[in-house]
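Here the structure is laid out as structure tokens; the discussion comes afterwards.
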Amino acid sequence: MQRFRWGPMDRDDQHGGQRRRALLAIAAGGCAVAAAAGAPTIIAVVAPARSAGGDGARYVVGKLDDLAIGVPRKVAIIGDEIDGWTRAPKRKLGAVWLHRRGERDVQAFSVTCPHLGCAIDVAIDGAGKASGYECPCHDSSFGLDGARGSGPSPRGMDPLPVDIAPDGAVSVIFKRFRIGTREREELG
Ligand code: FES
């Protein structure tokens, strides 16, 4: 364990002080250069990238023709994962539930349970039809519209923006939300 010492500096301390001063001078110079070049340079150097990439981006998740009306379908979100300074391409970032309600009407929800983050499943009734969603971890249930039913989840399922292109390509904007809160809070 290193101890803090009071008193005059020894040789190492002096050299350490010189090193620190030199580093500070270099850092100050770097900031001046960065300031001249614009703030993004400073952000790129000081702040590591997001711990998980791909959030807030739009992903094509399939074709409208692949979705049967009234039958929720779970699809993976594949994209580049950014961890600190590294980028891993084509990783599974998460998954979403797609529910086609009409000819050109598709709803999307995050599969992540707002309670403690387990993956939500679809609930099937006695006739084999989808009746809503349920979380296997602590038995939270949700309607087909994502509304909170029973169980400990503090809110309904988290909806995601959907777009249907003229050619029928279905895309969603993938987002993550804080778990365990009644209010829906998007994580940046
Ligand atoms: S994590 Fe889903 S009900 Fe607890």
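The values are calculated or read from the model by the stated rules, or taken from the named source; none is laboratory data. Please read these numbers as outputs of a predicted model, since none were measured by experiment. Reconstructed Cβ throughout: ideal geometry from the backbone, glycine too, with neighbour counts over all protein chains shown.
Within segment 41-53, identify whether any single residue is closer than 27 Å to residue 137 by Cβ, within 31 Å of the chain's Cα centre (by Cα) and at pLDDT 85 or above, and answer yes or no. So far as segment 41-53 goes, no, none of its residues is closer than 27 Å to residue 137 by Cβ, within 31 Å of the chain's Cα centre (by Cα) and at pLDDT 85 or above. For segment 92-106, a residue qualifies if it is more than 24 Å from residue 117 (Cβ to Cβ) and surrounded by 19 or more Cβ atoms within 10 Å (Cβ to Cβ), and the qualifying residues are 100, 106. Within segment 163-180, can one find any residue that is more than 16 Å from the ligand (Cβ to nearest atom), among the charged types (D, E, K, R) and touching an Asp or Glu at 6+ places or on another chain (Cβ under 8 Å)? Yes: segment 163-180 contains one or more residues that are more than 16 Å from the ligand (Cβ to nearest atom), among the charged types (D, E, K, R) and touching an Asp or Glu at 6+ places or on another chain (Cβ under 8 Å). Using the structure shown, decide if residue 56 is more than 16 Å from the ligand (Cβ to nearest atom), surrounded by 13 or more Cβ atoms within 10 Å (Cβ to Cβ) and at pLDDT below 95. Yes, satisfied. Residue 123 meets the conditions (1) surrounded by 13 or more Cβ atoms within 10 Å (Cβ to Cβ); (2) in contact (Cβ under 8 Å) with a residue 24 or more places away in the chain in every case but one. The failed one is (2).
In segment 163-188, what residues are surrounded by fewer than 18 Cβ atoms within 10 Å (Cβ to Cβ), β-branched (Val, Ile, Thr) and within 20 Å of residue 107 (Cα to Cα)? Within segment 163-188, 164, 173 meet the criteria. Of the numbered criteria (1) in contact with a strand residue (DSSP E or B) (Cβ under 9 Å, 6 or more places away or on another chain); (2) assigned to a loop (DSSP other than H, G, I, E, B), the one residue 180 fails is (1).
Within segment 128-148, residues that are farther than 12 Å from residue 99 by Cβ and within 14 Å of the ligand (Cβ to nearest atom) reach partners that are in a strand (DSSP E or B) and of a type in the set (Lys, Arg) with beta carbons closer than 8 Å, at six or more positions or on different chains, in the pairs 140/148. Of all residues in segment 113-127, those satisfying the criterion of being within 22 Å of residue 162 (Cβ to Cβ) and more than 9 Å from the ligand (Cβ to nearest atom) are 121, 122, 123. Restricting attention to segment 149-188, the residues that are within 14 Å of residue 115 (Cα to Cα) and without any contact (Cβ under 8 Å) to a residue 12 or more places away in the chain total 3. Out of all the residues in segment 149-162, which are at negative phi and either within 16 Å of the ligand (Cβ to nearest atom) or modelled with pLDDT under 95 (or both)? Within segment 149-162, 149, 150, 152, 153, 154, 155, 156, 157, 158 meet the criteria.
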